[in-house]
Amino acid sequence: MGQAMPMIYYEDIKIGITQKFGTYNVTREEVIDYASQYDPQPFHLDDAAAAATHFGKLSASGWHTASMTMRMMVDNLKAHKQASLGSPGLQNLQWKAPVYPGDTLRVESETLTKRRSEKRPEMGILTAHVRTYNQDDVMVMSMETTGLIAVRDTI
């Protein structure tokens, strides 16, 4: 039996490091289900309607793309045992290219800044540039995230 992976805390995070992770296979059923519930625009629901738009075919909602990205990010945090404490938000969310059923997505996250919270010394605050790519290495989404992470040494 291998040794358990140690928890990653604020002190362990290095600025400028880019992590590459995740794969997410986008299915037609999921695109339609998500859009039906949260973004019921015709080009997310119907092939003929989508074909008549600049998308050319059924495409995922941008919010769905953000949700799939979030899933890959959380799976990565769990896999690497990062002491995440959530996020107060994000900035500069951009949908760069359509996501279609059959695409396989992946994520890159580059840590841009880190600092200790003045009000809550048990927390560190990280900013990262998150980019989502399809199987052809086309960037389909980007955003800057702010994350909270536990500090190992609160002194």
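The values are calculated or read from the model by the stated rules, or taken from the named source; none is laboratory data. Just so we're clear, the structure is a prediction, and the values are computed from it rather than from any experiment. Note: ideal-geometry Cβ built from the backbone for every residue, glycine included; neighbour counts use all protein chains shown.
Remarks
- Residue 88 satisfies every condition listed in (1) over 23 Å from residue 115 (Cβ atoms); (2) exposed (fewer than 15 other Cβ atoms within 10 Å of the Cβ); (3) modelled with pLDDT of 95 or more except (1).
- Scanning region 123-142 for residues that are crowded, with 17+ Cβ neighbours inside 10 Å and β-branched (Val, Ile, Thr) yields 125, 127, 130, 132, 140.
- Residue check for residue 9: surrounded by 12 or more Cβ atoms within 10 Å (Cβ to Cβ), touching a strand residue (DSSP E or B) at 6+ places or on another chain (Cβ under 7 Å) and farther than 22 Å from residue 104 by Cα: yes
- Residues of region 43-62 satisfying the condition of being hydrophobic (A, V, I, L, M, F, W, C) and surrounded by 15 or more Cβ atoms within 10 Å (Cβ to Cβ): 43, 45, 50, 55, 58, 60
One line per residue, one yes/no per condition, for (1) among the small types (Gly, Ala, Ser); (2) touching a Phe, Trp or Tyr at 6+ places or on another chain (Cβ under 8 Å); (3) modelled with pLDDT of 95 or more:
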{"residue": "3", "(1), (2), (3)": "no, no, no"}
{"residue": "6", "(1), (2), (3)": "no, no, no"}
{"residue": "29", "(1), (2), (3)": "no, no, yes"}
{"residue": "43", "(1), (2), (3)": "no, yes, yes"}
{"residue": "55", "(1), (2), (3)": "no, yes, yes"}
{"residue": "58", "(1), (2), (3)": "no, yes, yes"}
{"residue": "111", "(1), (2), (3)": "no, no, yes"}
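- Residues of region 77-94 include none that is touching a Phe, Trp or Tyr at 6+ places or on another chain (Cβ under 7 Å), closer than 17 Å to residue 18 by Cβ, of a type outside the set (Asp, Glu) and without any contact (Cβ under 8 Å) to a residue 60 or more places away in the chain.
- In region 18-27 there is at least one residue that is surrounded by 13 or more Cβ atoms within 10 Å (Cβ to Cβ), in contact with a Lys or Arg (Cβ under 9 Å, 6 or more places away or on another chain) and among the small types (Gly, Ala, Ser).
- Test: residue in region 9-23 that is hydrophobic (A, V, I, L, M, F, W, C), part of a loop (DSSP other than H, G, I, E, B) and in contact with a helix residue (DSSP H, G or I) (Cβ under 6 Å, 6 or more places away or on another chain): no
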